[in-house]
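In what follows, a structure is listed as structure tokens, so that the remarks can point back to it.
Laboratory data are not the source of any read-out in this text; all were calculated from the coordinates shown. Everything quoted here is computed from the prediction, not taken from an experiment. Here the Cβ positions follow ideal geometry from the backbone for every residue, glycine too, while neighbour counts run over all protein chains shown.
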């Protein structure tokens, strides 16, 4: 599943083009230390507007859609580890996709589950 394919499925379900390249962050499962999960790097300014995150998992052939409302996360610099690129860094384990908690040291262990909109399975071709 690509970012564009996932955005199209979500927008089709919503009935309008809500997700765009500018407001949507896409993450594939990657290895991080002894774990596997999704790595998000979101510019701090992005939290001022509505944000969408697509967490893709090729192993399970599924992806999750998260929606963070504009200014819903106040002071993201205090909640997430700050990268050298000036982004909020978060890593969530794919071992337990129902518990979407940022596991990075230097963050506040922010729980993203309240932002879950829906889970999608890849459609059979």
Worksheet item: Can you sort 1, 92, 78 by how many other beta carbons sit within 10 Å, fewest first?
Response: 78, 1, 92
Practice prompt. Using Cα pairs closer than 8 Å and at least 6 residues apart in sequence, work out the relative contact order for the chain, in percent.
Written response: 23 percent
Discussion item. Can you compute the modelled spin-label distance between residue 11 and residue 62, with each label point 7 Å from Cα toward Cβ, in nm?
Written reply: 2.5 nm
Worksheet entry | Residues in the range 20-38 reached by a label modelled at residue 84 [backbone nitrogen below 19 Å; 7 Å Cα→Cβ] | 33
Worksheet entry | Computed lengthening from residue 30 to residue 2, 0.36 nm per intervening residue step minus Cα-Cα distance | 8.6 nm
Discussion item. For Cα extents along the principal axes in Å, one of [x] 37, 31, 22; [y] 43, 33, 24; [z] 41, 37, 22 was computed from the structure I shared and the rest are decoys. Which label?
Written reply: [y]
Worksheet item: Applying 1/(1 + (r/R0)^6) with R0 = 25 Å to the Cβ-Cβ distance of residue 44 and residue 123, what FRET efficiency is obtained, to the nearest 0.05?
Response: 0.10
